[in-house]
Amino acid sequence: MQTCRIAAGAALALTLASAAWAQSAPKRTVLPPPEPPFRGKLATLSTDSKPDYPQWVKAPAGAPNILLVLLDDTGFGQPSTFGGPIATPNFSRIAQTGLRYNQFHTAGVCSPTRAALLTGRNAHSAGTGTITELGEGYPGYTTILPRSTATIAEILRQNGYNTAMFGKWHNTPDHETSPAGPFDHWPTGVGFEYFYGFLGGDTNQWNPALYENTLPVQKPAGKSDYHFTTDIADRAISWMRTQKSVAGDKPFFVYWAPGATHAPHHAPREWIDKFKGQFDQGWDKVREETLARQIQMGVVPPGTKLTPRPQNIKAWDSLSADEKRLFAHMQEVFAGFLAHTDHEFGRLLDAIEQIGVADNTLVIVSIGDNGPSSEGRFQGSLNETAILNHLPEGDEFQRALARIDQLGGPYTNNHYPVGWAVAGATPFKWVKAVASHFGGTRNPLIVSWPRRIRDKGGLRSQFHHCADIAPTILEVTSIAEPTEVNGTKQKPMEGVSMAYTFDNAQAPTRKETQYFETFGNRGVYHKGWMASAFRIAGYDPTFGFLNPLDAKWELYKLDEDFSQANDLASQYPQKAKELADLWMREAKKYNVLPLTVVNSFATSNRPSYTRGRTSFTYYPGTVRITEGSAPTIVNRSHTITADVVIPESGAEGILVTEGGRFGGYAFYVRQGKLHYAYNFIDRERYVVASSQPVPSGKVSLTMHYACDGGQPGGGGTVTLLANGNEIGHGRLEKTIPFRLSLDETFDVGEDTGTPVVEDYQVPFRFNGQLDKVTIVLEDERKS
């Protein structure tokens, strides 16, 4: 009885403490607050006056430091913390001091999840219903974070926090990522005082396209074992230490978002080797083993069913010996990537403990921004750029098998096959981008705050969404949700605080309704029911492709069917219709319409520095121009001319390049001869070299490409000229139809990324005199 009284008293104290958060919240609803009046005294002489110096805004007393962690393309069934086969001891370490959430959801794909996470609004309300590379001219799809949806970073910054972001951003519109900006939608423009990382959807972990604040920078020199995840851990640790050394009482907000485990799956060899032989049983058996562990751990309810493997994915037992060997190793590489990321995250925890602030640091970890990625398709891939360009797999398996020992290293842009993505989503249906089903949206969430959360190691099963994180942070920091930020009236946050779950595992879910939509895949949760309309799976653009409105609605009762294994639509047709109608109401309310029918990188109504221009002039030092702001040369004839001065002793180096090892072109002088190299997504490399040396003196060096026309990705002829005289001729049989790269850039006079061909080493700066480079687009793009 005494024990019960003590427990009840503790619960009451915690409840009162929770209520006190809201009661003590500052009424600072307009940010920044008005300048305070002068309350001193002014006289003729300072000796007769009284000063009143404006003071800094301070965070509420006791406000916690916050570490928000977001992984990429990691599924519910992958980390061991939630029963998966990949050891993640550091995620488990904080789960043991906090809470695990087994019904937490993301938006189904990268940029939308990140927008919802940071703004507390649904992704489409925050203008981000798609990834930034595919932004469209509709309110829910511009990928522009509206000024009316201020980020949690901006709100915390204006309430006395230091703020920093490390890692993958993916919330700046593609056409705004060049050195010319605008910079309003970069991390430093939306509330982060410091940013170190990359802007787009993915990057090479060995050679990332790095930015510090708004400046492009190169990776640290002299580190032969460089890896991006380690780099951003080092940077975050240094920043936290400095911040606490200088302003020990000022809380920090760190958003740490590694590129892991998005492709390319790059991991140190020693981490890959840890998993040798651990996946030889194959994806079907791993799914069964994972579900058994999940049930044993309690992260899924007893009786949870394993959803069937999609019909067009082969059973593991039907594969050849070579397929099994390659595909098992691809999963070993992925496992090494995730385990290495867990290790680097553990270093952040160690640093927070060493600084002495672990007790009052709120750590929120979403293990994934969507479900596992299927972009490796059926055979896995050496280069995920292929699927982005809608290119057939062809003999990808044979190419990957021949280079099996290179997987995970700097010479591959690799991805595992879809069978492992399905296994990574265990026990759910589907994968990344299929927002209709939990395989695309259900991600592990961990929340730890030693000073506040008492149920250490507890499990929470309330239904929640990434838009609920920002309201949770506001509640636990006692910071009011602002109605106006930087002169703009704010949309109310649409998420629901999760703080009520901290003290009560059995508290009823406060989130009654949540819609989902990505690429026309639709879903809606409402009071324990889930309706799902599958349209298309990213790994096979022909499989299930439908007009979005023709997709069939399925129906699930979640308290009886955790994994969406039992479709009740035929049994309860009226309920299915009610939820389908509810989805449409939510869609109209939150800017989800119009639904996407066709996705394309070529969107004509975005602002552009290049559209309508046919002539471009660039000067030495112009580097790191992202593809969205560079001349669009795909599928069209064009001429590149470099005006140079070649000394009598000769010169060599890059004149201009775009892309790199996994797709792109380079125009350069090497060993006295002019070269044009074209890399067709690491499958074919074409090099046209001059038949005679480049003359010395003042020279115009020209490459003319004559496009054959026809379908995108066709070939053409290359002609090399010096001062108008032909000195070389060749042919490209295939070209990249849509996008050269997601992360490599356009550079003049050097190559800041990876080499287009391996006969030169970056940066391969031109050591003659380069006056300018002119690119002339000679005809309209073929389509």
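Condition check ((1) of a type in the set (Asp, Glu); (2) modelled with pLDDT of 95 or more; (3) over 14 Å from the mean Cα position of the chain (by Cα); (4) on the phi > 0 side of the Ramachandran plot) across all residues:
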{"site": "Leu199", "(1), (2), (3), (4)": "no, yes, no, no"}
{"site": "Asn213", "(1), (2), (3), (4)": "no, yes, yes, yes"}
{"site": "Tyr226", "(1), (2), (3), (4)": "no, yes, yes, no"}
{"site": "Thr230", "(1), (2), (3), (4)": "no, yes, yes, no"}
{"site": "Trp239", "(1), (2), (3), (4)": "no, yes, yes, no"}
{"site": "Val246", "(1), (2), (3), (4)": "no, yes, yes, no"}
{"site": "Ala260", "(1), (2), (3), (4)": "no, yes, no, no"}
{"site": "His265", "(1), (2), (3), (4)": "no, yes, no, no"}
{"site": "Glu270", "(1), (2), (3), (4)": "yes, yes, yes, no"}
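Would segment 232-241 turn up any residue that is farther than 15 Å from Val254 by Cα and open to solvent by less than 40 Å² (accessible area, probe 1.4 Å)?
No - not one qualifying residue is present in segment 232-241.
If the requirement is being buried (at least 24 other Cβ atoms within 10 Å of the Cβ) and more than 23 Å from the chain's Cα centre (by Cα), which of these qualifies: Gly83, Gly62, Gly77?
Selected residue: Gly83, the only one of Gly83, Gly62, Gly77 that is buried (at least 24 other Cβ atoms within 10 Å of the Cβ) and more than 23 Å from the chain's Cα centre (by Cα).
Can you tell me which residues in segment 434-479 are in contact with a helix residue (DSSP H, G or I) (Cβ under 6 Å, 6 or more places away or on another chain) and within 30 Å of His265 (Cβ to Cβ)?
Val434, Ala435, Pro444, Ile446, Ser448, Cys466, Ala467, Ile469
Looking only at segment 700-753, which residues are open to solvent by less than 10 Å² (accessible area, probe 1.4 Å), under 23 Å from Glu627 (Cα atoms) and out of contact with any Gly (no Cβ under 8 Å at 6 or more places or on another chain)?
Met703, Gly715, Gly716, Phe746
Any idea which of Tyr161, Tyr196 is surrounded by fewer than 23 Cβ atoms within 10 Å (Cβ to Cβ) and aromatic (Phe, Trp, Tyr)?
Tyr196
Condition first: closer than 22 Å to Gly259 by Cβ, assigned to a loop (DSSP other than H, G, I, E, B) and either touching a strand residue (DSSP E or B) at 6+ places or on another chain (Cβ under 6 Å) or among the small types (Gly, Ala, Ser) (or both). Now tell me which residues in segment 127-154 satisfy that.
Selection gives Gly135 alone.
Grab the strands (runs of 3 or more DSSP E) fully contained in segment 451-536, keeping just those with 2 or more residues being buried (at least 23 other Cβ atoms within 10 Å of the Cβ).
Per the criteria, 513-518, 521-526, 529-533.
Since Asp350 meets every condition but one in (1) out of contact with any His (no Cβ under 9 Å at 6 or more places or on another chain); (2) open to solvent by 10 Å² or more (accessible area, probe 1.4 Å); (3) touching a residue at least 60 places away in the same chain (Cβ under 8 Å); (4) under 17 Å from Thr229 (Cβ atoms), which condition does it not meet?
If we test Asp350 against (1) out of contact with any His (no Cβ under 9 Å at 6 or more places or on another chain); (2) open to solvent by 10 Å² or more (accessible area, probe 1.4 Å); (3) touching a residue at least 60 places away in the same chain (Cβ under 8 Å); (4) under 17 Å from Thr229 (Cβ atoms), just (3) comes out false.
Do you know which residues across segment 537-559 are at pLDDT below 95, in contact with a helix residue (DSSP H, G or I) (Cβ under 9 Å, 6 or more places away or on another chain) and either within 20 Å of Ala569 (Cβ to Cβ) or buried (at least 19 other Cβ atoms within 10 Å of the Cβ) (or both)?
If the condition is that a residue be at pLDDT below 95, in contact with a helix residue (DSSP H, G or I) (Cβ under 9 Å, 6 or more places away or on another chain) and either within 20 Å of Ala569 (Cβ to Cβ) or buried (at least 19 other Cβ atoms within 10 Å of the Cβ) (or both), then Ala537, Gly538, Tyr539 are the ones that fit.
Taking Gln296 and the conditions (1) open to solvent by less than 10 Å² (accessible area, probe 1.4 Å); (2) of a type in the set (S, T, N, Q); (3) closer than 18 Å to Thr426 by Cβ, which numbered condition does it fall short on, given that it satisfies the others?
Checking Gln296 against (1) open to solvent by less than 10 Å² (accessible area, probe 1.4 Å); (2) of a type in the set (S, T, N, Q); (3) closer than 18 Å to Thr426 by Cβ, the one that fails is (1).
Quick grid of which residues meet (1) in a helix (DSSP H, G or I); (2) at pLDDT 95 or above; (3) open to solvent by 60 Å² or more (accessible area, probe 1.4 Å):
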residue: Gln571; (1), (2), (3): no, yes, yes
residue: Ala580; (1), (2), (3): yes, yes, no
residue: Ala587; (1), (2), (3): yes, yes, no
residue: Thr596; (1), (2), (3): no, no, no
residue: Ser604; (1), (2), (3): no, no, yes
residue: Pro607; (1), (2), (3): no, no, yes
residue: Thr610; (1), (2), (3): no, no, no
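The values are calculated or read from the model by the stated rules, or taken from the named source; none is laboratory data. Quick caveat, the model's predicted, so the values are computed rather than measured. Using ideal geometry, Cβ is built from the backbone for each residue, glycine included, and neighbour counts are taken over all protein chains shown. Surface accessibility is based on the protein's heavy atoms, side chains included, excluding ligands, DNA and RNA. Shrake-Rupley method; radii C 1.70, N 1.55, O 1.52, S 1.80 Å.
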